[in-house]
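Before any comments, here is the structure.
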Amino acid sequence: MAHTYTVDVLIAGAGPVGLSAAAELRRQGVDCRLVDRLPGRLPFAKAVGIQPRTLEIWDRMGLARAALEAAVPLRGQLMYVNGREQARIDLALPPEVPYGFAALPQYETERLLEEYLAALGTVIERGTELLSFTQDEDGVTTHLRTASGADEEVRVRYLIGCDGAHSLVRKGLGLTFEGAAFPEEYMLADVEADWDLPYGYGVRSSHRADDGSTDDLLVCIPLPGAGRYRMSMLVPPELSTLSAPPARGDGVAHGLEGGRTPELAHIQAVVDRLAPSPARLSEMRWSSVFRISHRIVDRYADGRVFVAGDAAHIHPPTGAQGMNTGLQDACNLAWKLALVVRGAAGPALLTSYDAERRPVGEEVVGRTVRHATHGIETDPDNPRTMMLREAQLLVSYRDGPLAHSPYGPADAPQPGDRAPDCAGLTTPLAAYPLRLLDILRGRTGHTVLLYGADSVDLARAAEASRLAGEPLTSGERAHTPGSPAPATVPHTIAVLAVLAREAPPAAADTLAGTLAIPGYRDAAGEFARLYRPDGPTGFVVRPDGQLGTRFPLTRTAAALTDYLTALSATA
């Protein structure tokens, strides 16, 4: 039976993850609708930490500058136990990492993404709720209730559930959500503090009982604005309802609880007990009680329906991992959906979403529970590794189905790893050095980076790269009932040359002037140091900024054909 598709992708939930999924799909030319049952953006500074990896993704989108102008730096954390300073953690990263840790209220993150999405021609359909859905071999039939109260049936190719911890999409798929709830309840408040603590540092101050347990806790994260912090602490007895069931009645105790609003006096009392220096609080913008669970679904997808963000995994807020992990879920899924919807990849590519992202979710849930229970200072990793992991710069899909044919030194970035940024790339036309992120910014497809010193070798590899990207028969549109006969759709591939530092001065001119290949000289040697090429080497950077494959230039045609054919598989 032929169906009329109203839209390619429907996204339920317009928080940061849903907005990110829509933004990535729209900038890659995929038609989508984004619905949210709430009438407007909530004014709560819930998720506030922005990781360096998220800023790299936003840089690729062209959103990083706006985020940097709205955010404030997170420079470290001061840790106190029973009034004594125990540790000072500085959030220091290697110099080649382009961005640091930042703090930005969730509603500001949503504003930036919403404005970005609106510029692409898509607005959130506020007050519109997904009621139910059914899927079949060819698509998903969804039932919505609009802001006017009207019921609407929408036929889509794919559905993404970014609808939070109490996700209707997750429940509709029958996914398990295994885990448990923390017994404690917490207060959360957005306030201003008049104290003399250093700018940009968070505070974690606790009281440890004689038996070693923590019976009082204060965590403060700086926010944009003079003396402004998001503070969290244990709930006092008069506000506790530990015997009450979760507010949504689905057994998932996670997030803000309605009906109980701590007053400024409740927050001030905890600060008076635990703050490392005297502080007077004022200007409380909002407060709430919240509860924490740690759970993860048994799979991130079922057929044509996917879950991302809190709909797939929830955990303690330690290290600000939750929202950032969800944003990477969205980015990972969106570029794959875009290829499939355009017909440049086969449906099998979508199975790699669960295979790549669920292991990341499991690791994040486990790590944040350990840190929340025993403290981040007990992490067994060395400080450098711990900091890179907290920054989400060590996320890798080496064990995933798309990572194959490792090449070069064992300690070099391999397929599935993050593609490192590097500085010191020069071009004859620019009077200043560029970063690799500058070169990749705005690109929506795969990018092939060909490294070497010989312009003839680079030119041959570039021609082989272009031929490998020619149309391949596959894809969603080619197999939709009622569509034309199987079509050929090209992959979007940009081919760039990175000239070794020892390359002749005229090599870049030869590439650009004679062969029309953009060339960038590795003038500072940073590309060679970070990518560890084994002689003339090619690299494929995926649309999400991870390495797709690496290969010797002599195998350019075969390596790229193998990689792109794997993406285009229909089985």
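The values are calculated or read from the model by the stated rules, or taken from the named source; none is laboratory data. Quick caveat: nothing in here was measured; it's all calculated off a predicted structure. A quick note on method: Cβ atoms are made from the backbone with ideal geometry, for glycine too, and the neighbour counts reach across all protein chains shown. All accessible areas refer to the heavy atoms of the entire protein, side chains included, with ligands and DNA or RNA removed. Shrake-Rupley method; radii C 1.70, N 1.55, O 1.52, S 1.80 Å.
Has the range 376-383 got at least one residue that is surrounded by fewer than 22 Cβ atoms within 10 Å (Cβ to Cβ) and either closer than 20 Å to residue 309 by Cβ or touching a residue at least 60 places away in the same chain (Cβ under 8 Å) (or both)?
Kept after step one, since they are surrounded by fewer than 22 Cβ atoms within 10 Å (Cβ to Cβ), are these residues of the range 376-383: 376-383.
After this cut, where a residue has to be either closer than 20 Å to residue 309 by Cβ or touching a residue at least 60 places away in the same chain (Cβ under 8 Å) (or both) as well, the list is 376-377.
Scanning the range 376-383, I find at least one residue that is surrounded by fewer than 22 Cβ atoms within 10 Å (Cβ to Cβ) and either closer than 20 Å to residue 309 by Cβ or touching a residue at least 60 places away in the same chain (Cβ under 8 Å) (or both), so the answer is yes.
Per the conditions (1) in contact with a Phe, Trp or Tyr (Cβ under 8 Å, 6 or more places away or on another chain); (2) open to solvent by 10 Å² or more (accessible area, probe 1.4 Å), the sole criterion not satisfied by residue 284 is (1). I'm trying to understand the selection: among the residues of the range 428-469, which are at pLDDT 90 or above and in a loop (DSSP other than H, G, I, E, B)? Listed by number, the residues that qualify are 432, 433, 435, 441, 442, 443, 444, 445, 453, 454.
Evaluation of residue 395 against the conditions (1) outside any helix (DSSP H, G or I); (2) over 19 Å from the mean Cα position of the chain (by Cα) shows that the sole unmet condition is (2). Exactly one residue out of 358, 299, 370 is open to solvent by 10 Å² or more (accessible area, probe 1.4 Å) and assigned to a loop (DSSP other than H, G, I, E, B): that is 299.
Which of the residues that make up the range 210-223 are assigned to a loop (DSSP other than H, G, I, E, B) and open to solvent by less than 30 Å² (accessible area, probe 1.4 Å)?
Step one: filter the range 210-223 for residues assigned to a loop (DSSP other than H, G, I, E, B), giving 210-213, 223.
223 - this is the single residue of the range 210-223 that is assigned to a loop (DSSP other than H, G, I, E, B) and open to solvent by less than 30 Å² (accessible area, probe 1.4 Å).
With respect to the numbered conditions (1) touching an Asp or Glu at 6+ places or on another chain (Cβ under 6 Å); (2) not in a helix (DSSP H, G or I), which one is the sole condition not fulfilled by residue 344? With (1) touching an Asp or Glu at 6+ places or on another chain (Cβ under 6 Å); (2) not in a helix (DSSP H, G or I) applied to residue 344, the lone miss is (1). Residues of the range 127-144 that are open to solvent by 60 Å² or more (accessible area, probe 1.4 Å) and out of contact with any Lys or Arg (no Cβ under 7 Å at 6 or more places or on another chain): 134, 136, 137, 143.
With respect to (1) open to solvent by 30 Å² or more (accessible area, probe 1.4 Å); (2) in contact (Cβ under 8 Å) with a residue 60 or more places away in the chain; (3) not basic (Lys, Arg), the lone exception for residue 391 is condition (1). Residues that are hydrophobic (A, V, I, L, M, F, W, C) and part of a loop (DSSP other than H, G, I, E, B) were ranked within the range 89-105; the one that is least open to solvent (accessible area, probe 1.4 Å) is 104.
Each residue in the range 171-195 was checked for being of a type in the set (D, E, K, R), over 25 Å from the mean Cα position of the chain (by Cα) and either surrounded by 12 or more Cβ atoms within 10 Å (Cβ to Cβ) or at pLDDT below 90 (or both), and 3 pass.
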